[in-house]
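Peer 1: Below is one structure. I have some questions about it.
Just so you know, all these numbers are worked out from the coordinates, no wet-lab data involved. Note that the structure is predicted; figures quoted are calculated from it, not measured. Methodologically, a virtual Cβ is constructed for each residue, glycine included, from the backbone with ideal geometry; neighbour enumeration extends over all protein chains shown.
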Amino acid sequence: RNENENERQRHDLVQSSIICISIIYFAALDCYACTYLDGYSDTSCLNNASAVRAINCTRKYCVTMRVEMRRNSSKVMSFLRDCQDEPAMLYGNIPDETFRTYYSSCQQNRCNGHNGRVKNSTNGTDGGGIHNAIVPGKNAGQGVFLCPWTLLFLPVLRIWQMHLARVPKIA
């Protein structure tokens with residue numbers, strides 16, 4: 001009876017591990033990641049997100065942060081595309097005497113490819129859930145592409161289960 005219990009525990013451990021790995025893989029976001037600093041870097045990050053690298057991010061949000069001059073809004077001082085667990089602000093902008101800083105966050109693949117300008121937010125740091133409404137996201141067809149990869153893991157799981165059944169039990 002103890003051998004059956006050990007085998008069952010191994011089986012459960014293998015299944016749990018595969019499920020966890022699958023969840024992490026499929027839950028990861030693809031986010032554009034780059035920085036722009038006026039006078040120190042080229043404008044690819046600022047003007048052409050598709051020309052910069054996209055990273056596989058295991059954090060919660062793809063983000064942008066755009067800092068521009070208040071008196072000359074076409075003058076962008078810095079720009080960031082990244083992924084973060086806890087953005088400084090989910091959606092909105094904060095002006096001060098010299099600069100206006102725009103924040104946006106989203107939870108779809110490559111959704112931080114926009115210009116980073118967002119309307120003023122009166123909701124503070126929680127964003128009221130509106131940040132996903134204006135940011136382009138993943139279309140429904142992209143999720144289907146990953147599903148066949150799941151089918152490749154099922155035979156591997158079955159082979160591993162058969163292997164565990166043949167391994168001599170340690171008393």
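Peer 1: Extending each Cα 7 Å along its Cβ direction at residue 117 and residue 70, get the distance between those two points in nm, one decimal.
Peer 2: Between residue 117 and residue 70, the label points sit 1.8 nm apart.
Peer 1: In addition: For residue 85 and residue 41 in one chain, what is 0.36 nm times their gap in residues minus the Cα-Cα distance, to one decimal in nm?
Peer 2: The span from residue 85 to residue 41 would gain 13.2 nm if fully extended.
Peer 1: Could you list which residues have their amide H under 5 Å from that of residue 59, counting only those 5 or more apart in sequence or on another chain, with H placed in the peptide plane?
Peer 2: Placed amide hydrogens put 29 under 5 Å from residue 59.
Peer 1: Tabulate in residue order the Karplus-calculated ³J(HN,Hα) for the range 102-111, using 6.51 cos²θ - 1.76 cosθ + 1.60 with θ = phi - 60°, rounded to whole Hz; enter x for Gly and Pro.
Peer 2: For the range 102-111, the Karplus-derived couplings read 9, 10, 8, 9, 7, 10, 10, 4, 6, 7 Hz, x marking Gly and Pro.
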